[in-house]
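Inspection log for the structure reproduced underneath, given as structure tokens.
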Number of protein chains: 2
Amino acid sequence: MVSIKDVAAHAGVSPGTVSNVLNRPGKVAPATRERVEAAIRELGFVRHGSASTLRAGHSRTIGLSVIDIGNPFFTEVAAGVEDVASELGYAVILGNSAGSPDKEDRNLRVLAEHRVRGVLITPSGEDSGRLDRLREHGISVVLVDHPAHRPDQCAVAVDDVAGGRAAVAHLLARGARSVVCVTGPLTIRQCVERRDGARAALRGAGLDPAELRVVEAATMTARAGEKAAAELLAGALPEAVFCANDLLALGVLRALLRAGVRVPEDVALIGYDDIDFAAASTVSLSSMRQPTYQLGRIATELLLDECDNPDTHAHQHIMFQPELVARESTQ
Amino acid sequence: MVSIKDVAAHAGVSPGTVSNVLNRPGKVAPATRERVEAAIRELGFVRHGSASTLRAGHSRTIGLSVIDIGNPFFTEVAAGVEDVASELGYAVILGNSAGSPDKEDRNLRVLAEHRVRGVLITPSGEDSGRLDRLREHGISVVLVDHPAHRPDQCAVAVDDVAGGRAAVAHLLARGARSVVCVTGPLTIRQCVERRDGARAALRGAGLDPAELRVVEAATMTARAGEKAAAELLAGALPEAVFCANDLLALGVLRALLRAGVRVPEDVALIGYDDIDFAAASTVSLSSMRQPTYQLGRIATELLLDECDNPDTHAHQHIMFQPELVARESTQ
DNA sequence: CCCTGCTGGTGAAACGTTCTACCCATAGGG
DNA sequence: CCCTATGGGTAGAACGTTTCACCAGCAGGG
């Protein structure tokens, strides 16, 4: 394994100079720089990141912790994160919490051990304690798709209450009177707020929000959506269904169609996130669009700005508004 | 920032003992272990991964480099990887090459600098030189969804020629005589082999393989599929279309339906990968199913076995067979 | 009572960088 | 001609672990 010392010896300079060539090439005379660079190439030297992290006290790595990497919503967020990070020379360590606080904890511990520069996280619960602990260890945290826990922190979110309200308002405007909300675990903030938005829409239409039937699925996947639909099919069908995300909605859709229920004639259906596949499904799916890729990009830009310019950095709380996309499933 | 020394002082032992508590708890007397663990909790100590990597010479981290993290095929592979890795206490650094060899190179360099224990990669090209260079640096490499470059290397793959052959044989058995193959970049091995399989199927049916019209899309996404379909719609329509993956197929499907072409009555359509959304699309999509999650799991198990038991490890070349899933799009 | 072996523990030397203090020319200002 | 500044370089001390050699005590065998 070739180290900076070998390079130094080979180029006839001191290790310090090699380090300068690597980190501050301007500070070293062109001729010597040439020689060092040649030595690096000839010896196939590659810098030992851990050594440099150890000495420098910080690494060029950030962590990304999401709830479900199988959900296209999060992959698109991750794509935005990755693009910005790699533009600025940062590596990304990905953690998938799969909705389990335990797993999230383990992932955060790994990130802390790696002394990542910062962490982007869509928290799966409301416990901000461990995030505060990260900050105490000098690791910046930016919340993604989640409002800020505290003022001295950046966060990029989308207004989920407004989204839920708009979705259900759309169903009501279409004439539906009985609405079911198929949600994911109510430990997830997004689910709670979208449901609350749905209730607000009922209230807005002069209906009793308590009338909203809520079916809570164990996960936010298509399979869980199918199960939830089975529960609906067991009783009297509602006129409309609002799902907390598109995966659930696609599962509900599949189960309804298989049972001979027509969408939207018998039951109208709307999802949330507007993932690519929503437009391509059997009956194309109405949904609430979010600036997903931008969410990832902007969060990463904020995080890296906070890391690289700690003095000039101003914390920001950004809140996007979702947008209704009406398709066949609510025609 | 609290270090192992602070813990040692607080517990009244030497740093070496703390290290033993961390890494070989059996070697230290229960009473002292208790004391050290208490100190760790009280001080909120978290081990500095870089320091331990530096000293130990290797880290508990692996790299995963995929071609397109936006493709559900790769997310499912990643899920398999992540599950095994986290079971065994490894972290995963994710790299998305987005089909660009440059980006792949940059990602591999980052992984090399991090001194990852090993790398799982679905190579985007056929150049194995940089992978060999990784091995020279003591980083094990396991190929995912790609046959081995060399005997002293593990690889987990799926028989793409057989898959292409089965897919097109299915189209032919259904009565189609003119078949178009919509493929991704022919720099990607999977695309080449699936096309070759398609040709083999034509040969097998007594047709001229040169008759297979091949449309090469720039990327393997739904959008690229739509573009490719536009090209098809400009001329005489074939009786059947075979797409190199489901994203392309979903794009082709969308464009055909929008143009008023009936699927499968006018044109039969089959994709590849059998991602979840294939079954849920407008016209449910026939596809070739692969053991995607298993691909990730097994590759990771092989890699970590190679890392943790280098002496007993036996290199394996695993080749799965894909399975035809016939749905509406080829009824 | 000496020797041997075991258990539980210590001290200090690495690992490969980065960074600070320092050095030596040479150049220019007064 | 001295004094200071500057550019380009060096030496060596960190950074926080792990590991290896070593040691102290103690038990048991001869």
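Just so you know, all these numbers are worked out from the coordinates, no wet-lab data involved. In this text, all values refer to a predicted model and were calculated from it rather than measured experimentally. Virtual Cβ from ideal backbone geometry, glycine too; neighbours counted across all protein chains shown.
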Point to revise | Dipole magnitude of the protein assembly as shown, debye to nearest 20 (Cβ charges: Lys/Arg +1, Asp/Glu -1, about Cα centre) | key: 1040
Revision key, fill the gap. Relative to chain B, whose Cα atoms define the longest principal axis, helix B:101-113 and its Cα axis are tilted in degrees, nearest 10, by 10
Revision key, fill the gap. With Cα coordinates, the longest principal axis of chain A makes an angle with the long axis of helix A:189-204, in degrees rounded to 10, of 40
Check your understanding: Which ordering of A:Lys227, A:Lys27 is given by a fewest-first count of other beta-carbon atoms within 10 Å?
Key -> A:Lys27, A:Lys227
Check your understanding: What angle do you read, to the nearest 10 degrees and between 0 and 90, between the alpha-carbon axis of helix A:222-233 and the longest principal axis of chain A?
Key -> 10
Review point. Can you put A:Glu126, B:Glu76 in order, fewest other beta carbons within 10 Å first?
Key: A:Glu126, B:Glu76
Exercise for review: Over all alpha-carbon pairs in the stretch B:143-210, figure out the percentage whose distance exceeds 16 Å.
Suggested key: 50
Practice item. With only Lys, Arg, Asp and Glu charged, each at its Cβ (+1 for the first two, -1 for the last two), find how big the charge dipole of the stretch A:4-47 is about the Cα centre; round to the nearest 20 debye. Key: 180
Practice item. Would you mind estimating how fast the protein assembly as shown diffuses translationally, via Stokes-Einstein at 10 °C and 1.306 mPa s with the Kirkwood radius over Cα pairs, in µm²/s? Key: 59
Practice item. With a bin width of 20 angstrom, please list the P(r) values of chain B as percents of all Cα-Cα pairs, from the 0 bin to the one holding the largest distance. Key: 29, 44, 20, 7, 0
**Study point:** Inter-copy label distances at A:Asp127 (7 Å, Cα→Cβ; nm, one decimal)
**Key:** 4.8
Review point. Quick one: label points 7 angstrom along Cα→Cβ at B:Glu216, distances to the other copies in nm, smallest first?
Key: 5.4
Practice item. Among DSSP beta bridges whose residues both lie in the stretch A:195-331, state the antiparallel percentage, nearest 5. Key: 40
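Pairs of alpha-carbon atoms within less than 8 angstrom and 6+ residues apart define the contacts here; what relative contact order does chain B have, in percent?
Numbers: 632 pairs, mean separation 56.0, N = 331.
Result for chain B is 17 percent.
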**Study point:** Alpha-carbon centroids, the stretch A:120-189 and the stretch B:299-328: separation in whole Å
**Key:** 39
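Which whole number gives the average count of other chain Cβ atoms within 10 Å of the Cβ atoms across peptide A:49-59?
Across the residues of A:49-59, the mean count of other-chain Cβ atoms within 10 Å is 6.
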Review point. Of A:Leu303, B:Thr183, B:Ala157, whose Cα points farthest to the positive end of the dipole of the protein assembly as shown (charges on the beta-carbon: +1 Lys, Arg; -1 Asp, Glu; origin at the Cα centre)?
Key: A:Leu303
Study note, to complete from the structure: Taking N as the number of residues in the stretch A:1-103, the ratio of its alpha carbon radius of gyration to 2.2 N^0.38 Å works out to 1.48
Check your understanding: Could you list, bin by bin from short to long, the percent of Cα-Cα pairs of the stretch B:4-47 in 5 Å steps?
Key -> 5, 29, 41, 21, 4
Check your understanding: Which whole-number percent gives the relative contact order of the stretch A:181-228, counting Cα pairs below 8 Å spaced six or more residues apart?
Key -> 48
Exercise for review: Could you work out the relative contact order of the stretch A:4-47, using alpha carbon pairs under 8 angstrom and six or more residues apart, expressed as a whole percent?
Suggested key: 41
Revision key, fill the gap. Bridge orientation stat for the protein assembly as shown from DSSP, antiparallel percent rounded to 5, came to 10
Review point. How far is A:Gly16 from the same spot in each other copy, in nm, shortest first, if each label point sits 7 Å from Cα toward Cβ?
Key: 3.4
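Per the helix-only calculation at 222 nm, which mean residue ellipticity applies to chain A, given -39500 (n - 2.57) for every DSSP H run of n ≥ 4 and division by its residues, nearest 500 deg cm²/dmol?
-14000 deg cm²/dmol
Would you please report the Å³ per residue occupied by the convex hull of the alpha carbon atoms in the stretch A:174-304?
117
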Study note, to complete from the structure: The size of the Cβ-based charge dipole (Lys, Arg +1; Asp, Glu -1) of chain A about the Cα centre, to the nearest 20 debye, is 620
